[in-house]
Amino acid sequence: MATTDTFRFTQSMVGKKAIMAVSGTVMFGWIFVHMIGNLQIYAGPQKINDYGKFLHDTPALLWGSRIVLLFAVLAHVFSALSLYGTARSARTEGYRKSNTRAATVASKSMRYGGIVLVAFIVYHLAQLTWGVKATLPQFVFGDVYCNVVHAFKIWWITAIYLVAQVFLFLHLYHGVWSVFQTLGVNSPRWDERFQLGAKGFAALVLVGNCSIPVAVLAGIVPSAGICS
Amino acid sequence: MTLDAKIPDGPIEKKWDNARFQMKLVNPANKRKHRVIVVGSGLAGGAAAASLGELGYNVDCFCYQDSPRRAHSIAAQGGINAAKNYQNDGDSVWRLFYDTVKGGDYRSREANVYRLAQLSVNIIDQCVAQGVPFAREYGGVLANRSFGGAQVSRTFYCRGQTGQQLLLGAYQALARQIAVGQVRMFPRSEMLDLVVVDGAARGIITRDMVSGKIEAHAADCVLLCTGGYGNIFYLSTNAKGCNVTASYRAFKRGALFANPCYTQIHPTCIPVHGEYQSKLTLMSESLRNDGRVWVPKEGVDPATKPTKIPEEQRDYYLERIYPAFGNLVPRDVASRAAKRMCDDGRGVGPTVGDQPRLGVYLDFADAISRLGEDKIRERYGNLFHMYERITAENPYHTPMRIYPAVHYTMGGLWVDYQLQSNLAGLFVGGEANFSDHGANRLGASALMQGLADGYFVLPYTVGNYLGATKLEAVETSHAAFGDALKDVEAKIDRLLEPEKKGKGTRSVDDFHRELGTQVMWEHCGMARNKEGLEKALERIPELREEFWSTVRVTGSAGSLNQQLEKAGRVADFLEFAEVMCLDALVRAESCGGHFREESQTPEGEAKRDDENFCHVAAWEFTGVGEKPTEHREALEFEHVKLTQRSYK
Amino acid sequence: MSASTFKLTLHIWRQKQRGARGEMKQYELDGVSGDMSFLEMLDVLNEKLITEKHPDGPVAFDHDCREGICGMCGVVVNGEAHGPQAGTTCCQLHMRTFEHGEHELWIEPWRADAFPVLKDLIVDRTAFDRIIQAGGYVSVHTGSAPDGNAIPIGKNEAELSMDAAACIGCGACVAACPNASAMLFTSAKVAQLALLPQGQPERFTRVKKMVAQMEKEGFGYCTNHKECEAVCPKEISVQFITQLNRDLLRASVRRD
C-alpha cells in the first residue's frame, strides 16, 4: 500500500507531466521573444545586428536565459523520455484494429514532433549560432542579417525551416493548451478560451517565424549590396 | 418444527432498542478471533462486510462479479425511502411502517417492518457522510420526491442512479476495510454449497470462476446477501448473473425457504422485441408521475400508429378504473391491469413469435404540452434516452410502449427478527431473505431494506450470535467440508457428462429459456391458477430430466467456463421452480404480487383470504423431486388493521 | 423495428487463459437483427458455436446487468471502446448501428498491461479496485454520521460531484487511451469526493495515495488526447483530470 510518505511528486507521472508543462511554458516564452527579436530583420541590417550585439554585450542576459533554456529543454526531454517508457510498458500488446475519436493530428504528433524539433534545434544552432561551416559556408560572426539572408536564399534550407515550423505549430497547438490542463488551472468555463488562445499563439508563431525565410526567398528582405 | 420469530418484548417502537440492549456483546479483543463469511457484495452484503470489518471481525467476502462494485443493487434507479419528514408533509416512522405493511398486503412481520422504518433515517445520514451525492435543493438541503404512489415525499435520490451511488458508498467503505486487511475479498467466486457442522452454518464451498478451483472456507458464521431469484423467469430485469444458487444450496442444507411465490412484476419495462432477447430493461416508475397509460379502445386496430389514434378512441384504463390513484396505483395493480388489456387483444407493439401484442402506451404528450419538453427532459431525460436507444423510437414524439416484467422477489430464506435462519449461524440479508416486504414491495424500499440489514441490523445480530454461542473451532479439514466438496465436484462432473458422452444436444440457455418463458412466466407469472400450476409442476421434473441427460456444456471444469457457471445456476432453478410453483399452488389466495385467478373480486382485483393465509409459508427441503414440507409462521397484526387494499 | 436481418463477418480475439497466446479468429454470423443489442448478437453467435460444435467453443465475454450501469461489459469494436456510439456501453449498443455500414467487425478485449486478459474478451480489472482501496472513500464508520442535513451542500456542487460519481468503472477510458492511462477513472473518484465537504479532511492525502496506486498498477500517463472522455459511456469530463492535477500539485506543496 502506498503511503503519503513515499509519495514523491516529481517521481510520479503527474509530476513529470507538470515538469513538462512548466519547462514547456519557459520554452514557449523564449520562442515568442526569439520570434519578436528576429522580426526586427524587417527593420534592416542595422537594427537586427545591433540587437545581436546588444545581447552579446549583455552576457548576464544572454547566458542567463541560455542556461534557463537549457535546463528547460533537458527537463522537457528527459521527462518525455521517461514518460514515454511508461506509456510503452502500459500496453505491450496493441490493438489489431485501432481508431481514435478525439485525438487530433497535433496531439498525436507530440512525440515524433518533439524528436523532429530537437533535430531542428541542433541544426538551427549549428547554422546560425555556432556557425558550423558545413551548414552555412558564408557565416560571419556578428552579421546576423546576412547570415539569415544567405541561408534562406537557398530554397531547401527555407523548406527545412518551414517544415520545422509546422511541427512547432502542432506542438504548441496541443502543448500550450495542455499546460493549463496539466497544471490544473483549466476549468470548463475557461477551457474554450484556453484552447483558442493556444491555437492563436501557435498560429502567430507559425506565421511570424515562417515569414522570415519566405520573405528572404521572395526577395522582400533586401540583400543586394548588403550581403556579398 | 415450530418457527419462532424471536420478536422482542415491549411496545413496537421499543422492540429494537430492547433487542439491542439484551444482546450479548463481543469484547473488542475477541472480535478479531472470529471469522465471518459474507456472500454477496450488494447493498446488504457490502454494507454488512464493511461494518463487520470496522467492528474488528475478520471478514471473507465473496461475489461472482469481477468487483464488489458491480452487484445488481447498482441497477436500482428511483431512490431510497426514509422517514425523515424533511418536507414537513406529515411523514413519520409510523407512516412509513404503516405504508410498508399495507403495501405488502399484510403479509409481512410488523416488528421487522417497524425496525426498517426506524432505521431508514440512519441510512440517509450514513450515506451522506460517505459522500453519496444525493440530489440537493438550492439552499443546500437534501431533496425528496414522491415515489411509487406514496402520498408523502420521502424518497431520496441521486438522479436516476440511486442504487449505483448507494452501492458505491458501501463499496468504498468495503474497500477501506479491504485495504487494512480486515476484509478479504474474493471476486469472481461463486458459492456452491453451505457447510453445516452440528446444525450450525460453519462455512461455504466456492468455485473460483477463473481457475475453476473448488475451495472450502470455514468461519464462525455465514451471511447470505445473495439477492433474488427473478432470473428463474429467464427474462427479467435482473442482471444476467443473478441466481438462486446460494439460497437454494442453503435450502438443501436445511434452511427454510419462505414465500417463494411472492414475485414482483414491475409495470414500466420495455416490452420484449425479439426471440433472441436476453433480458428486459426497466424504466423507473417515476415515469408514471407524468405519463398517462392507455390502449386503443375496442374495435381500433392495435397496429395503428398511436399518434394517429384520436383522443376519443383511447382508453386511459388506469384513470378509468382507479379514479383516485389513476396512473399511480401500486406496481402489482398496474401490472395486472396491463396484462388484462393485452389478454383482451388490446395490446400494442410488435408481435413476437405466436404471442399476442404485449405492450401498452405510456404517453407524455399531455405532460409535454403542459410543462414543455424541456421540463420533461430535465425529469426523465436519461430514461427517454435509454428508451430511444433500445427501441429506436423517440418518446418525445410518440408514446412509449411498456409492459410488466419480473423485477424483484419478496420471498427468500426464512429468518427471525435477528435475520438468522432456522439454521444457527446462517444469517440472510437484503433481497435474499423474505422478511420485510410481505407480498409486494413498495417502490424505493429495496435499497432501504438492503442497507438497513447491512449497516444496522446484521452487525448487531451477528455479534449477538457470536457473543452468545460457544463455538468449537472448525477447520476445512472437518469431514463436513470434505463431504460438501465431494458433492459439489460430483455435481459439476454430472453437468459435463452428457456432452462428454456425446449426448449433449441442447444449450443451457435453451433450457433456461423454456423453463422461464414457457413454464414459469406462463403458469407462475403475473396471474396464476390451479390448473396452470399443476401443469407446471408436471412439466418441471420432465424438463429437469431432459436437462441432466442432454444439456451441452462445453469446455472443462478447471478453467474459466461461462457455460458451466450458467449450467449450475439453471440446474438449481430447475429444482427451485417446483418449490415456487408449489407455494403458489398452496397459497390459494391473492395477495400483493401473488395473484390467484380463483381469488379475485368481481372487478378483477386481488382478494386476500386472511382467515386461511395470514401466515408465512416456509418450506423445508426433503429431497429433489420430493414435496417439501410446509411450516407456517402465523402473522399477527397489532398495530395495523387488515383491510382490503383499495386504490379506487 | 427493423424486420430485415443482415450478415456479419466477425473477427474476435480468442485466448484460452491468462498469459496464453491469443489470435484473431474469423466467424460468419447470419440473421443479425437491428433490434439486437451487441451482446445479444454475441449470444446468438455463441448459441451457434455451441450447436455447431465449433472447436473454438463459445466466446467468453463479461456482462451482467445489460442496462449500462454495472460496468461489467466492455469490448473494443473496430478500434473503439464500447463500439461507435457515444455515451453507450456495448450492452446498450444496438446492431442497427451497424446495419447500413461496414459488415465486418473486429472485436478485441481492453488492452492494457494493468488489465491482463483472462480469457477471450474477459480482462482482469481488479487494478481499479486497488486504486479505490488506496483511498477512494471517506473514512466514516457505520453509525458515526451526523444528520444528513447537517452539512448543507449547494445544488451545483452536488450535481458536479454526481457527474463525477456516475463512473461505472468499466475501464473503457483505459482501453481507449493511447497511453493506457487510468486518469479519467482515478480522477472521477478523486473529484467526486474533493467536491463535497465530506471529502475535505482526506482530500489531499487521498489524491496522493490514489495516484501512487494508479502508477504502481502500471497504467500510462495522460497526454490530454481526450480519447477517454470521447468513449466514456457516462460521458465523464476530462475536467476532473484537471481537478486531480490541481489537487495533487496542491497536496505536494502542503505540509500534512
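The values are calculated or read from the model by the stated rules, or taken from the named source; none is laboratory data. None of these values were measured; they are calculated from a predicted model. Ideal geometry is used to build each Cβ from the backbone, glycine not excepted, and the neighbour counts take in all protein chains shown.
Quick notes on this one:
- Any hit, segment B:223-241, residues being among the charged types (D, E, K, R), assigned to a loop (DSSP other than H, G, I, E, B) and either at negative phi or assigned by TED's automatic domain parsing to the domain that holds B:F511 (or both): yes
- Annotation note: of B:G148, B:G160, the sole residue that is more than 9 Å from chain C (Cβ to nearest Cβ), part of a loop (DSSP other than H, G, I, E, B) and on the phi < 0 side of the Ramachandran plot is B:G160.
- The numbered conditions (1) surrounded by fewer than 24 Cβ atoms within 10 Å (Cβ to Cβ); (2) more than 24 Å from B:H385 (Cα to Cα) are all true for C:A230 except (2).
- Checking C:G218, C:G169, C:G148 one by one, the residue that is in a loop (DSSP other than H, G, I, E, B), at pLDDT 95 or above and under 16 Å from the mean Cα position of the chain (by Cα) is C:G169 and no other.
- Once segment C:101-143 is narrowed to residues that are part of a loop (DSSP other than H, G, I, E, B) and hydrophobic (A, V, I, L, M, F, W, C), the residue that is nearest to B:P187 (Cα to Cα) is C:F115.
- Considering segment A:105-159, there are no qualifying helices (runs of 4 or more DSSP H) wholly inside with 2 or more residues that are touching a residue at least 40 places away in the same chain (Cβ under 8 Å) and at positive phi.
- Those residues of segment B:289-335 which are modelled with pLDDT under 90 and not in a loop (DSSP other than H, G, I, E, B), in sequence order: B:N289, B:L328, B:R331, B:D332, B:V333
- Among the conditions (1) buried (at least 20 other Cβ atoms within 10 Å of the Cβ); (2) within 14 Å of chain C (Cβ to nearest Cβ); (3) over 18 Å from A:G114 (Cα atoms), A:Y173 misses just one, which is (3).
- When A:S109, A:S23, A:S12 are screened for being crowded, with 16+ Cβ neighbours inside 10 Å, within 14 Å of chain C (Cβ to nearest Cβ) and within 21 Å of the chain's Cα centre (by Cα), only A:S109 passes.
- Some residue of segment B:595-603 being buried (at least 22 other Cβ atoms within 10 Å of the Cβ), modelled with pLDDT of 95 or more and within 30 Å of B:V488 (Cα to Cα): no
- A:S178 meets each of the listed conditions (1) outside any helix (DSSP H, G or I); (2) within 11 Å of chain C (Cβ to nearest Cβ) apart from (1).
- Selection within segment B:105-134: residues that are touching a Lys or Arg at 6+ places or on another chain (Cβ under 8 Å) and in a loop (DSSP other than H, G, I, E, B). The member of this set that is nearest to the other protein chains (Cβ to nearest Cβ) is B:D105.
- Yes/no for A:T86 being farther than 18 Å from A:L168 by Cβ and within 14 Å of another protein chain (Cβ to nearest Cβ): yes
- One residue stands out among those in segment B:94-122 that are in contact with a Gly (Cβ under 9 Å, 6 or more places away or on another chain) and small (G, A, S): the one that is surrounded by the most Cβ atoms within 10 Å (Cβ to Cβ), which is B:S108.
- Filtering segment B:351-394 to residues that are under 21 Å from C:C91 (Cα atoms) and of a type in the set (G, A, S) leaves B:G381, B:A392.
- Checklist (1) at positive phi; (2) under 23 Å from the mean Cα position of the chain (by Cα); (3) away from chain A (no Cβ under 14 Å) applied to C:G57, failing item: (2)
- Note on segment C:62-92: residues that are assigned to a loop (DSSP other than H, G, I, E, B), buried (at least 21 other Cβ atoms within 10 Å of the Cβ) and facing another protein chain (nearest Cβ under 8 Å) total 13.
- Listed by position, the helices (runs of 4 or more DSSP H) contained in segment B:10-79 that have at least 3 residues being in contact (Cβ under 8 Å) with a residue 60 or more places away in the chain are B:15-22, B:43-55.
- Complete set of residues in segment C:17-54 that are among the aliphatic types (A, V, I, L, M), in a loop (DSSP other than H, G, I, E, B) and more than 10 Å from chain B (Cβ to nearest Cβ): C:A20
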